[in-house]
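Asker: Handing you a structure now.
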Amino acid sequence: AQKITQTQPGMFVQEKEAVTLDCTYDTSDQSYGLFWYKQPSSGEMIFLIYQGSYDEQNATEGRYSLNFQKARKSANLVISASQLGDSAMYFCAMREGLDTGNQFYFGTGTSLTVIP
Amino acid sequence: DTGVSQDPRHKITKRGQNVTFRCDPISEHNRLYWYRQTLGQGPEFLTYFQNEAQLEKSRLLSDRFSAERPKGSFSTLEIQRTEQGDSAMYLCASSIHPGNSGNTIYFGEGSWLTVV
């Protein structure tokens, strides 16, 4: 079974609007971390936001927020006030356990295009 | 800029040739990771080091692949007798350990390999 599922291969959003990118995960661990990365065409994976499995509040980082629904095993990324520079691939990832050396499992990504 | 740097950024090689990629992590980071990313997929874990010790290797790392981090600083990933299926982007990342559970790993821009 896939550890991370991203069901939206591509998304379009109007500039200045908000957009939600979906992510569901599968794990039997109680301790895990959920991450979102942005990958522009240059290739670099840019860290956006982190949510720990024990965090009770949804994580926020500037225009990014993570809608964490533990019972549904979903960790959707919300980008508010979209900008043209937000056009990129977005990957959801999970790390099981608390050891930062544990491997990340990535989804297949969502390509976001921001329309002027 | 003191981020993760990778070299070369692009490599085209003939099938059967050997290639080597270099990664320089963020200077104070003691953990270094290699991931592979093929078109349309998220990154997949290959291996990671803590200082000079290689602590984990994925089954994806066949006998033709070898990674080293001799002095606990930069790392090399060598692929021997390249095959067309090796064509991918090879991403390096680094992190500090121990860190808090939210510590992410910071990626470089990747090295694109095309085997012809």
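The values are calculated or read from the model by the stated rules, or taken from the named source; none is laboratory data. If you're wondering where the values come from, they're calculated on a predicted model, not measured in any experiment. Counting neighbours? That spans all protein chains shown, and the Cβs are built from the backbone with ideal geometry, glycine included.
Asker: All but one of (1) surrounded by fewer than 16 Cβ atoms within 10 Å (Cβ to Cβ); (2) within 13 Å of chain B (Cβ to nearest Cβ); (3) assigned to a strand (DSSP E or B) hold for A:GLN30, so report the exception by its number.
Answerer: Every condition holds for A:GLN30 apart from (3).
Asker: Buried (at least 20 other Cβ atoms within 10 Å of the Cβ) and within 9 Å of chain A (Cβ to nearest Cβ): does that describe B:TYR35?
Answerer: Working: buried (at least 20 other Cβ atoms within 10 Å of the Cβ): yes; within 9 Å of chain A (Cβ to nearest Cβ): yes.
Answer is yes for this residue.
Asker: If we keep just the residues of the range A:1-27 that are closer than 17 Å to A:LYS73 by Cβ, more than 12 Å from the chain's Cα centre (by Cα) and more than 14 Å from chain B (Cβ to nearest Cβ), which is surrounded by the most Cβ atoms within 10 Å (Cβ to Cβ)?
Answerer: A:THR27
Asker: Just to verify a result, which residue in the range A:35-50, among those that are at the interface with another protein chain (Cβ under 9 Å from one of its Cβ atoms) and polar (S, T, N, Q), is surrounded by the most Cβ atoms within 10 Å (Cβ to Cβ)?
Answerer: Our first condition is that a residue be at the interface with another protein chain (Cβ under 9 Å from one of its Cβ atoms); within the range A:35-50, this holds for A:35, A:37, A:39, A:42-47, A:50.
Now drop any that are not polar (S, T, N, Q), which leaves A:39, A:42.
Details: A:GLN39: 23, A:SER42: 10.
Ranking the candidates gives A:GLN39 first.
Asker: Which residue is surrounded by the fewest Cβ atoms within 10 Å (Cβ to Cβ), if the candidates are limited to the range B:87-96 and must be more than 7 Å from chain A (Cβ to nearest Cβ) and touching a residue at least 60 places away in the same chain (Cβ under 8 Å)? I'd like the intermediate steps shown before the answer.
Answerer: The first filter runs over the range B:87-96 and keeps only residues more than 7 Å from chain A (Cβ to nearest Cβ), leaving B:87-88, B:90, B:92-94, B:96.
Now restrict to residues that are touching a residue at least 60 places away in the same chain (Cβ under 8 Å): B:90, B:92-94, B:96.
Numbers: B:TYR90: 24, B:CYS92: 29, B:ALA93: 25, B:SER94: 24, B:ILE96: 15.
So the residue we want is B:ILE96.
Asker: Considering only the range B:97-104, I want to know if a residue exists there that is modelled with pLDDT of 90 or more, facing chain A (nearest Cβ under 8 Å), under 25 Å from A:PHE35 (Cα atoms) and touching a Phe, Trp or Tyr at 6+ places or on another chain (Cβ under 7 Å). Quick ask: steps written out before the conclusion?
Answerer: First, the residues of the range B:97-104 that are modelled with pLDDT of 90 or more: none.
No.
Asker: Which count do you get for residues in the range B:59-86 that are among the aliphatic types (A, V, I, L, M) and more than 14 Å from chain A (Cβ to nearest Cβ)? Explain how you work it out, then say what you get.
Answerer: First pass over the range B:59-86, keeping only residues among the aliphatic types (A, V, I, L, M): B:60-61, B:67, B:77, B:79.
Next cut, more than 14 Å from chain A (Cβ to nearest Cβ) only: B:67, B:77, B:79.
Total meeting the criteria: 3.
Asker: Restricting attention to the range A:95-112, which residues are touching a residue at least 12 places away in the same chain (Cβ under 8 Å) and either surrounded by fewer than 19 Cβ atoms within 10 Å (Cβ to Cβ) or more than 7 Å from chain B (Cβ to nearest Cβ) (or both)? Working first, answer last.
Answerer: Of all residues in the range A:95-112, those touching a residue at least 12 places away in the same chain (Cβ under 8 Å) come to A:95-98, A:104-112.
Answer for the range A:95-112, where residues must be touching a residue at least 12 places away in the same chain (Cβ under 8 Å) and either surrounded by fewer than 19 Cβ atoms within 10 Å (Cβ to Cβ) or more than 7 Å from chain B (Cβ to nearest Cβ) (or both): A:ARG95, A:GLU96, A:GLY97, A:LEU98, A:TYR105, A:THR108, A:THR110, A:SER111, A:LEU112.
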